[in-house]
Amino acid sequence: MQTLWFATTMATIPFLVYAICKGYRKRLQCQELELLREQAVPSMLMESEEEPMPDKPASILIIDDQPAIRLLLREALQSESVEVYEASTGCRAMDIIKLYRCSIVVMDVRIPDMNVIDWLHQLRALRPKTEVIIISAYREKELVRKAKEAGAIAYFTKPFDLEEVSKFVASRISSVRE
């Protein structure tokens, strides 16, 4: 009897740890979103799809479930004239898109809570002028084709050349401002 109780208890511990961590992560994401809303600059809030003005900073949204990739891209793309937002999930990314006028989205193809093609269609419905750059460790020709049909303008394969991605994003920011 004690062996059965011990086995049952030991089997449930990983599940409990997972459930607690998942709830904690969800709470953190909600707190981060509330903080974003509190810090929102009224000029950056998106009421309509108006053209970014040259005196307003352009903004980039980085979507990747790997914090190291987000940090790497943030450091490479951030400058005084560019606002950079980050999201680790498709849901959080959509919340940021609804709050801010993002000129460019740099996103991974594989995000746990989203299908990239569906997400691109949602983005197109909400922000048709936002440009999307895909990064991925996968070389799926069909996925690339579908992503480009859904509005992606470029596709970089991991490991990507950070300088090449930075130059491409800088050129797109220049064209968005013109």
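Are any residues in the stretch 107-126 under 12 Å from Leu61 (Cβ atoms) and touching a helix residue (DSSP H, G or I) at 6+ places or on another chain (Cβ under 6 Å), and if so, which ones?
Trp119
Residue check: is Leu162 buried (at least 17 other Cβ atoms within 10 Å of the Cβ) and either under 27 Å from Ser81 (Cα atoms) or out of contact with any Leu (no Cβ under 9 Å at 6 or more places or on another chain) (or both)? Talk me through it step by step, then tell me what you get.
Numbers: buried (at least 17 other Cβ atoms within 10 Å of the Cβ): no; either under 27 Å from Ser81 (Cα atoms) or out of contact with any Leu (no Cβ under 9 Å at 6 or more places or on another chain) (or both): yes.
So Leu162 fails the test.
Scan the stretch 115-128 for residues that are among the aliphatic types (A, V, I, L, M) and crowded, with 20+ Cβ neighbours inside 10 Å and jot them down. Steps first, answer last, please.
Here is the first cut: in the stretch 115-128, the residues among the aliphatic types (A, V, I, L, M) are 116-117, 120, 123, 125-126.
Across the stretch 115-128, the qualifying residues are Val116, Leu120, Leu123.
Would you tally the residues in the stretch 64-104 being under 17 Å from Lys158 (Cβ atoms), in contact with a Leu (Cβ under 6 Å, 6 or more places away or on another chain) and open to solvent by less than 10 Å² (accessible area, probe 1.4 Å)?
Going through the stretch 64-104 one residue at a time, the tally reaches 0.
Determine whether Phe156 is open to solvent by less than 50 Å² (accessible area, probe 1.4 Å), more than 23 Å from Lys98 (Cα to Cα) and aromatic (Phe, Trp, Tyr).
Working: open to solvent by less than 50 Å² (accessible area, probe 1.4 Å): yes; more than 23 Å from Lys98 (Cα to Cα): yes; aromatic (Phe, Trp, Tyr): yes.
Answer is yes for this residue.
I need a count of the residues in the stretch 136-154 that are at pLDDT 90 or above and touching a Ser or Thr at 6+ places or on another chain (Cβ under 8 Å).
Here the count works out to 0.
Every residue in the stretch 129-149 that is touching a residue at least 40 places away in the same chain (Cβ under 8 Å) and either open to solvent by 80 Å² or more (accessible area, probe 1.4 Å) or more than 20 Å from Ser166 (Cα to Cα) (or both), please.
Of the stretch 129-149, the ones touching a residue at least 40 places away in the same chain (Cβ under 8 Å) are 129, 131, 135.
Lys129, the sole residue that qualifies.
Please state which one of Glu163, Glu140 is closer than 20 Å to Ile60 by Cβ and among the acidic types (Asp, Glu).
Numbers: Glu140 fails: closer than 20 Å to Ile60 by Cβ.
One residue alone meets the criteria, Glu163.
The values are calculated or read from the model by the stated rules, or taken from the named source; none is laboratory data. No experiment lies behind these values; they were computed from the predicted model shown. When we count neighbours, we look across all protein chains shown, and the Cβ atoms used for this are built from the backbone with ideal geometry, even at glycine. Quick note on the areas: whole protein, heavy atoms, side chains included, nothing else; ligands and nucleic acids left out. Shrake-Rupley method; radii C 1.70, N 1.55, O 1.52, S 1.80 Å.
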